[in-house]
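S.K.: Have a look at this one.
The values are calculated or read from the model by the stated rules, or taken from the named source; none is laboratory data. Bear in mind the structure is a predicted one, so any value in this text is a computation, not a measurement. Glycine gets a Cβ as well: all are built from the backbone with ideal geometry, and neighbour counts include every protein chain shown. Side chains included, ligands, DNA and RNA excluded: accessible areas come from the protein's heavy atoms. Shrake-Rupley method; radii C 1.70, N 1.55, O 1.52, S 1.80 Å.
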Amino acid sequence: VADRLALQTSDIVVTKAGFGADLGFEKFMDIKVRQGGETPSAAVLVATVRGLKWHGGVAQKELNVPNSSAVEIGSSNLKHAISIVKRYGLPVVVAINRFPEDSEEEIETIQRIAAAAGATNAVEAKGFSEGGRGMTELANELCHVLNTQPSKVNLLYKNDDSIVDKVTSLAKELYQADGLSWAPLTRTTAKRFEANGWNFPICVAKTHLSISADP
């Protein structure tokens, strides 16, 4: 309802899907869009130099020190997020949330990695230091993508797939699991839900602790 209301007042509406391509974005696509939400035309994926260096093993107190090699090492999460968005059939623009201490070499490293992973572009977003005027490059790039690259939405699973098959698709395609281990009675419970006609999309509540029952 909010999207449709906003579309009555503007040509372009941006919706924050939530944290993570494997979390908020997946739910946006497989739950909201699947059940009649507005079909998106593109996605903006936000990344920071600090975040990639953190993923690359840099200690918190060293995050302000330029380290392009750590950005490279820590980019696997970014590349996987790009692949998830593209899996759903959307063009993706990476917004590099630029902070004053970020070096040009680090920014260029992200741009190179994003392009190789299939992003249409990776653009600096300088809203932190420049406010609205620092976001115009990103806005222009997004408008260009909307005008030149049509989306073709492909949801992850079919509505009539079994609960087990839906969860398996999520685990293997999004989380790159080799396989699944079902706790006792979970398959029986899933079959009971299906017998009751509860054939709904799957909402995965994932944290670093809940993705597995094994600590």
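S.K.: How do Leu7, Leu185, Leu52 rank by accessible surface area computed with a 1.4 Å probe, from largest to smallest?
M.R.: Working: Leu7 70, Leu185 125, Leu52 10 Å².
Of Leu7, Leu185, Leu52, the descending order of accessible area is Leu185, Leu7, Leu52.
S.K.: If you average the C-alpha positions of the range 60-123 and of the range 124-182 separately, how far apart do those two centres end up, in angstrom?
M.R.: Cα centres, the range 60-123 to the range 124-182: 15 Å.
S.K.: Explain nothing, just compute: Karplus ³J(HN,Hα) = 6.51 cos²θ - 1.76 cosθ + 1.60, θ = phi - 60°, for every residue of the range 21-30 in order, whole Hz, x for Gly and Pro.
M.R.: Here the 3J(HN,Hα) series is 5, 8, 10, x, 5, 4, 5, 4, 6, 7 Hz.
S.K.: By per-residue mean of other Cβ atoms within 10 Å, what is the highest-first order of 28-34, 148-154? Present the calculation step by step, with values, prior to reporting the outcome.
M.R.: Values: 28-34: 19.3, 148-154: 11.9.
In descending order of packing, they fall as 28-34, 148-154.
S.K.: Could you work out, for the range 25-84, what percent of all Cα-Cα pairs fall into each 10 Å distance bin, beginning at 0 Å and stopping at the bin that holds the largest distance?
M.R.: 22, 36, 22, 17, 4
S.K.: While we're on this one: Which of rounded, prolate or oblate describes the range 145-215 when judged by the alpha-carbon gyration tensor and an a/c cut-off of 1.5?
M.R.: Values: a/c = 2.80, a/b = 1.48, b/c = 1.90.
Oblate shape, in that a/c is at least 1.5 and b/c is the bigger or equal ratio.
S.K.: Non-local amide H neighbours of Ala125 (under 5 Å, H modeled in plane, Pro and chain starts lacking H): which ones?
M.R.: Hits under the 5 Å cutoff: Ile96, Asn97, Arg98.
S.K.: A further question follows. Could you tell me what a quarter of the Cα convex hull surface of the range 57-190 works out to, in nm² with one decimal place?
M.R.: 11.5
S.K.: For the chain, what is the calculated [θ] at 222 nm in deg cm²/dmol (nearest 500), taking -39500 (n - 2.57) for each run of four or more DSSP H residues and dividing by its residue count? Before the final figure, lay out the partial values.
M.R.: Details: 9 runs with 79 residues, N = 215.
After summing the helix terms and dividing by residue count, I get -10500 deg cm²/dmol.
S.K.: Right, here's the next one. Listed highest first by mean packing, meaning other Cβ atoms within 10 Å per residue, what order do 118-130, 79-91 come in? List each step's numbers first, then the result.
M.R.: Numbers: 118-130: 17.7, 79-91: 19.4.
Final packing ranking: 79-91, 118-130.
S.K.: When only Cα pairs under 8 Å and 6 or more residues apart are kept, what is the percent relative contact order across the chain? Walk me through the numbers before you get to the answer.
M.R.: Working: 268 pairs, mean separation 40.7, N = 215.
Reported relative contact order: 19 percent.
S.K.: With a ≥ b ≥ c taken as the square roots of the eigenvalues of the C-alpha gyration tensor of the range 1-122, please select rounded if a/c is under 1.5 and otherwise prolate if a/b is larger than b/c or oblate if it is not? Can you show the working numbers first?
M.R.: Values: a/c = 2.34, a/b = 2.10, b/c = 1.11.
Since a/c reaches 1.5 and a/b is larger than b/c, the shape of the range 1-122 is classed as prolate.
S.K.: Sticking with this structure for a sec: Please list, by residue number, everything in the range 158-185 whose backbone N is under 19 Å from a paramagnetic label point 7 Å out along Cα→Cβ of Asn77.
M.R.: 174-177, by backbone N distance to the label point.
S.K.: Give Lys166/Lys206; Lys32/Lys152; Lys16/Lys166; Lys27/Lys206; Lys86/Lys172; Lys53/Lys206 a once-over and call out the pairs whose C-alpha atoms are over 20 Å from each other. Write down the numbers at each step before the final one.
M.R.: Working: Lys166/Lys206 15 Å; Lys32/Lys152 16 Å; Lys16/Lys166 24 Å; Lys27/Lys206 12 Å; Lys86/Lys172 16 Å; Lys53/Lys206 23 Å.
Where the Cα-Cα span goes over 20 Å, the pairs concerned are Lys16/Lys166; Lys53/Lys206.
S.K.: To the nearest 10 degrees, how steep is helix 104-117 against the longest Cα principal axis of the chain, on a 0 to 90 scale?
M.R.: Roughly 40 degrees between the two axes.
S.K.: If you don't mind, there's one more thing I want to ask. Once ligands and nucleic acids are excluded and a 1.4 Å probe is used, how much of Thr109 is accessible, expressed in Å² to the nearest 10?
M.R.: 10
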